[in-house]
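To start, the structure itself, in structure tokens.
No lab work stands behind these numbers, since they all come straight from the coordinates. On a predicted model such as this, the values are computed, not experimentally measured, just so you know. So basically every Cβ, Gly included, is an ideal-geometry build from the backbone, and we count neighbours across all protein chains shown.
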2 protein chains.
Amino acid sequence: MDEFEAVVEEIAARVVPDTEERERLAGVAGRVLAAAEAAVDDLPVAADVVQVGSTARGTWVSGDRDIDVFVRFPPDLPRADLERYGLQVGRAVLPDGHEEYAEHPYVKGTVEGFDVDLVPCYRVADATDIQSAVDRTPFHDAYLSARLDADLAREVVLTKAFLKGIGVYGSDLRTKGFSGYLTELLVLAYGDLRSFLAAACDWRPPVELDPEAHGRRSFDDPLVVVDPTDPERNVAAVCSTDNVARLVHHARVFLADPTVERFDPPAPTPLDAERMAAELDRRGTTPFALRFDAPDLVDDQLYPQLEKSLAGVAGELDRQGFDVLRAAAFADETAVLFVECEVAARPAVARHDGPPVWVGGHAAGFYDKYAESGDVYGPFVDGARYVVERERDHATARSWLESDALFGVSLGVRVEDALREGYEVLGGEETVALAGEFGADLARYFDPRP
Amino acid sequence: MDEFEAVVEEIAARVVPDTEERERLAGVAGRVLAAAEAAVDDLPVAADVVQVGSTARGTWVSGDRDIDVFVRFPPDLPRADLERYGLQVGRAVLPDGHEEYAEHPYVKGTVEGFDVDLVPCYRVADATDIQSAVDRTPFHDAYLSARLDADLAREVVLTKAFLKGIGVYGSDLRTKGFSGYLTELLVLAYGDLRSFLAAACDWRPPVELDPEAHGRRSFDDPLVVVDPTDPERNVAAVCSTDNVARLVHHARVFLADPTVERFDPPAPTPLDAERMAAELDRRGTTPFALRFDAPDLVDDQLYPQLEKSLAGVAGELDRQGFDVLRAAAFADETAVLFVECEVAARPAVARHDGPPVWVGGHAAGFYDKYAESGDVYGPFVDGARYVVERERDHATARSWLESDALFGVSLGVRVEDALREGYEVLGGEETVALAGEFGADLARYFDPRP
């Protein structure tokens, strides 16, 4: 057994569910399915019940306690009826459950210590005919179930554990990493964890896989895995370039030097105010933080809005010459747009280029406007153009952040609302106050290794 | 008489030589030519004597006191003989004169209060056969003399006066403006000052004139006037884009509102230390000055070297992020490279982009180098690339200016020599010490209107 196999065996002992866990889960799932089928029998329409997801296929990581059950209705059933019948079945199976809302409302509850989702969907003929995203799930399940044996399932679990360990597992819009379905397709494609990692070492994005060789459009993504159940869909669409690059990095490092720690890295020690002050002092930058009450949104809505807002604010500070070294958004009770500037203040004047002197009326208009203002240096001639040095709107990053001009940049809608309610600007050393709420985020910020 | 004509009449009275000035000059020139011809008769070779230049053609600006006399030798005369005989004639005509050196040595002296140059050249058959640049002058003189009558000569004088007034007259390498010959060709082309200015208002460089329609190559200059005596030569080659733009500007403004002041602008009041401090305070910039002993060079060598050095220093400061707003070189007893920075200091760390993670050995080499150094932040992944934040070589502009790294940029040879002998770095408020020696230059710098 080589070093790779030794590490993987040690990890497998932890993450691959053992017989006892499998039997226990199968028992609970069987009782949930039976209850759901009984409830379906009381409905005035025909419907069937399927278990889906990693616990249906034996590809869950030990300790996951999610059982997903879908109730499939005829595609011509009105949506209101589907929702009503779906909740009726859910409440029958999970009397202590509560409603949640994805594309339809559904019921979430617990059975014998397991988290159970009971979700209604349409039983369409083909995955390309879906009426909502959840309708696709049973097709994914059927495709994988037909192809995964126990050995492959074990490799899927190990691969998920690897991707979790390096921080790129999850297709939520905060992580923007590898979904469970994507991971299973990659293992199917490459055969096992080791072959997958060896292949990733040689990836040069864009990388395209098309297991059913039926893709019929092109995608502008670093990783493309054409959905075997839908030729129009890239299963890896959400996966960011950063995360593909991180996978390539960790695959290379792990194959060269396999360690258990890559699956299970130590959590960083949260940064305290004193260590943050020391980092800022060492870096010599000027950070600014916009801090405001976090909008009450699920993560999949909150993080895209924070990122859009951060890009707007950091982009504008950069354009204004406050040169942004790095930036990040954090959210907990409060939300923070953290922008680390290389330049905190600029001169009172800024160069403003006018038109070439020989562009007739436009040039004369520019010259006359400024020649009469008296508040500028120039207009003078530089090369072909008129140029003036005129007063900057904001000589400091703080001045801009504290002004209404902030709302001139592109912001997430709910972030903009929250900012209009009020925000605090912290600058330089003041930002160490963030270490309390965001010590873990800041630890990663100041130690950003992949 | 319209406003334009009224202004021009007033200027003409000052700048167009009157009959008395013309007769006086003709008398002196006649005596110089006669003396030169007598001296030529004593030589063992055949040579002739011609008066050239604006005083030969009646196109000088009143008060100019330059008489240029060329002695033309057969083209097969060895260069050493040409120089020897040339100096012999020069010393005979100008016994109190002294030698100077352009392409050949020649004699410069005064006769009855006029400055006389006595220059040897070759009498070649065609301007394209010249052996040195001075051989061309008699061809220029012949071309213009055959075409300029008294009316055109008056327009040439007025045009020269206009170009002087707006600061663009002179083909020396400090001014990089319009030579006398170029001015005369432009007046020949357009007919008079007014038509020339009206045409300039419509110029959209590159502008090309070819009076003899014999040009046979292309030029990469904003203004091209093909030499009527040499189809390969652009008479306006030295004229900078700035100066063409200035002409267009002043032509437009003057035609719209003719004033005597445009021919005769008031000299700026030299800036004193107190006013300079006020300007710096208003601008909020951080200027730096490198001050050193001016190399002992003629202006046509000194200024190009200073400009090359300024471009090297300012360009590197800009690249390092000390964002240069404007820069200028001054020279008197000392020489100064003056660079006005928008940013005087940057953080201790700077971003350094590595290769894309998937560029095999190169990426691994980058990662391993920095992962083991411990002195950097990262390597981390940003998009496709490895990135580190590592210590900057120079966190302040002053630190770089005071280091040997200064000599890593492109500098004029004699400027580099002078800097190696020693230099002083003035920063911020310290630069007001320049106001003593360079008050006039600084006044133009801080009031840079065209």
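Descriptive notes on the structure:
- Antiparallel bridges, percent of DSSP beta bridges restricted to chain A (to nearest 5): 80
- C-alpha long axis of helix A:299-319 to longest principal axis of chain A, angle in °: 20
- Neighbour-count ranking [beta-carbon atoms within 10 angstrom, fewest first] of B:L43, B:L223: B:L43, B:L223
- Sorting A:R283, B:R275 by the number of Cβ atoms found within 10 Å of their own Cβ, with the fewest placed first, yields B:R275, A:R283.
- Distances between copies of A:D281, taken at a point 7 Å out from Cα along the Cα→Cβ vector and listed shortest first: 3.4 nm.
- Mean partner shielding of peptide A:345-351, defined as the number of other chain Cβ atoms within 10 Å of each residue Cβ, is 6.
- Dividing the summed -39500 (n - 2.57) terms of all DSSP H runs of n ≥ 4 by the residue count of chain A sets its mean residue ellipticity at 222 nm at -13000 deg cm²/dmol.
- Dipole magnitude of chain A about its Cα centre (Cβ charges: Lys, Arg +1; Asp, Glu -1), debye to nearest 20: 920
- Positive end of the dipole of the protein assembly as shown (Cβ unit charges, origin at the Cα centre): among B:G284, A:A278, A:L152, the Cα lying farthest that way belongs to A:L152.
- Dipole axis of chain A (+1 Lys, Arg; -1 Asp, Glu on Cβ), positive-most option in A:V238, A:V432, A:L43: A:V238
- Förster radius 51 Å - calculated FRET efficiency between B:E274 and B:D126, Cβ distance, rounded to 0.05: 0.25
- Taking B:H104, B:H140 and counting other C-beta atoms within 10 Å, the order from fewest to most: B:H104, B:H140
- Computed label-point distance, nm, for sites B:D48 and A:A26 using a 7 Å Cα→Cβ extension: 11.9
- Full-stretch length increase - B:A371, B:S62 - with 0.36 nm per residue and alpha-carbon distance subtracted: 103.7 nm
- At R0 = 30 Å, FRET efficiency that the Cβ-Cβ distance of A:A133 and A:A405 yields, to 0.05: 0.15
- Rounded to the nearest 20 debye, the dipole magnitude of the protein assembly as shown is 780 debye, with +1 charges on Lys and Arg beta carbons, -1 on Asp and Glu beta carbons, and the Cα centre as origin.
- Order by protection proxy (mean Cβ within 10 Å, highest first), peptides B:108-117, A:260-269: B:108-117, A:260-269
- Comparing A:R216, A:R385, A:R22 in a Gaussian network model of chain A, where Cα atoms under 10 Å apart are tied by springs, the biggest mean-square fluctuation is seen for A:R385.
- Partner shielding of B:245-258 amounts to 3, given as the average count of beta-carbon atoms from other chains within 10 Å of each residue beta-carbon.
- Computed magnitude of the charge dipole of the range A:68-110 (debye, nearest 20; Cβ of K, R +1, Cβ of D, E -1): 100
- At 7 Å out from Cα toward Cβ: A:E333 inter-copy label distances (nm, ascending): 7.0
- Anchor B:K164: lysines whose Cα lies under 21 Å away (excluding residues fewer than 8 positions away in-chain): B:K176
- For a modelled paramagnetic label at B:A80, 7 Å from Cα along Cα-to-Cβ, the residues of the range B:41-62 in reach, with backbone nitrogen under 20 Å, are B:43-46.
- Of all chain A residues, the one whose C-beta is nearest the axis that brings A onto B, in angstrom: A:V343, 3
- For A:E5, inter-copy label distances in nm, listed shortest first [label point 7 Å out on the Cα-Cβ vector]: 10.8
- The residues packed around B:A150, meaning those with a beta-carbon under 11 Å from its beta-carbon, carry a net charge of 0 if Lys and Arg are +1 and Asp and Glu are -1.
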